[in-house]
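Heads up: the structure comes next, in structure tokens.
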Amino acid sequence: MQFHPSTVQTSTATRLGTVRLAASPLGLAGLWFDGQRHLPEQLDGPHAWPHDPHHPVLVAAIEQLQQYLRGERTRFELPLDLAGGTPFQQDVWRALLSVGCGHTTSYAALSQQLGRPTAVRAVGAAVGRNPISVVVPCHRVLGKDGSLTGYAGGLERKGALLQLEGAALRPVQMLGEVGA
């Protein structure tokens, strides 16, 4: 994934764990929970993006995220920078934005929506690489049978986000349970 060279970052504590955020001159470029899969290398280390807790997009994103997590907001109103992904990934991420709060979809339905009905696995891979968790609501994508499936931030967090939104879910079976 390629990010704008002028990307900056900050972090914030939430009830679901520490969140790392990144913004470019174009908008919010990333929102990741600490420890989730596919964290960009630029969050830490010798090539880390500079910290800028006063960047206006990051300040607004933190405020809106906290409002969302308190149940006071159902939509985010932020400029987004999705340019780090491939054109196909960007199409998938934009399609996710159409899944409203409290609603869910499936990977197959997203594939149909994109006019690529045989690209279910590719859609799943793009959903999994979404760099802007929660704001671009990849947590609203379920398995075809309505089950909780992969989420880079962890299935427990995915379930908590959907519960916060009041989404109807079938009972969750953990791996290793009978019938799982």
- Task: At q = 0.17, 0.19, 0.22, 0.24 Å⁻¹, what is the base-10 log of I(q)/I(0) for the range 87-165 according to the Debye formula with one equal point scatterer per Cα and no solvent? Please give it to two decimals.
- Result: -0.56, -0.70, -0.97, -1.17
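With every protein chain kept in place and ligands, DNA and RNA left out, what is the accessible area per residue of the chain? Probe 1.4 Å, answer in Å². Intermediate values should be presented prior to the final figure.
Details: 9230 Å² over 180 residues.
Using a 1.4 Å probe on heavy atoms only, each residue of the chain averages 51 Å².
Taking Cα pairs under 8 Å and at least six residues apart, what relative contact order does the chain come out at, in percent?
Working: 266 pairs, mean separation 36.9, N = 180.
Worked out over the chain, it gives 21 percent.
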- Can you find, among G71, H103, T7, the residue farthest towards the positive end of the dipole of the chain? Put +1 on the C-beta of Lys and Arg, -1 on that of Asp and Glu. H103
- Item | Most mobile of A109, A60, A13 in a GNM of the chain (Cα contacts under 10 Å) | A13
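Could you give the longest part of the chain that holds none of the trypsin sites (Lys or Arg not before Pro) found in DSSP loops with at most 14 neighbouring Cβ atoms within 10 Å? It would help to have the intermediate numbers written out before the result.
Values: sites that count: R15, R37, R70, R75, K144.
By the stated rule (loop sites, at most 14 other Cβ atoms within 10 Å), 76-143.
Just to confirm the filter: which GluC sites (Glu not before Pro) across the range 21-83 are DSSP coil and have at most 15 other Cβ within 10 angstrom of their Cβ?
Details: sites: E41, E63, E72, E77; in loops: E72, E77.
Taking the range 21-83 and a limit of 15 other Cβ atoms within 10 Å, the loop GluC sites (Glu not before Pro) found are E72, E77.
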- Note on the structure: Neighbours of A152 by Cβ distance under 10 Å: Lys/Arg at +1, Asp/Glu at -1, summed charge +4
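Return the carbon/sulfur percentage of the accessible area of the chain, one whole number, probe 1.4 Å, all protein chains in place.
Working: 4840 of 9230 Å².
Here it works out to 52 percent.
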- Task: Could you tell me how many degrees, from 0 to 90 and to the nearest 10, lie between the Cα long axis of helix 87-96 and the main elongation axis, the longest principal axis, of the Cα atoms of the chain?
- Result: 70
- Task: Jot down the radius of gyration and Dmax of the range 8-65, Cα atoms only, both in angstrom.
- Result: 10.7, 30
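DSSP beta bridges in the chain, what fraction antiparallel, as a percent rounded to 5?
Values: 13 of 18 bridges.
Counting only bridges with both partners in the chain, antiparallel ones make up about 70 percent.
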- Task: Can you give me the three principal axis dimensions of the range 24-145 from its C-alpha atoms, in Å, biggest first?
- Result: 42, 36, 26
- Task: Using the Kirkwood radius over Cα pairs, work out the Stokes-Einstein diffusion coefficient for the range 120-162 at 20 °C and 1.002 mPa s, in µm²/s as a whole number.
- Result: 205
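The values are calculated or read from the model by the stated rules, or taken from the named source; none is laboratory data. Keep in mind that what you see is a predicted model, and the values were worked out from it rather than measured. Counting neighbours? That spans all protein chains shown, and the Cβs are built from the backbone with ideal geometry, glycine included. These accessible areas exclude ligands, DNA and RNA; they are computed on the full protein's heavy atoms, side chains included. Shrake-Rupley method; radii C 1.70, N 1.55, O 1.52, S 1.80 Å.
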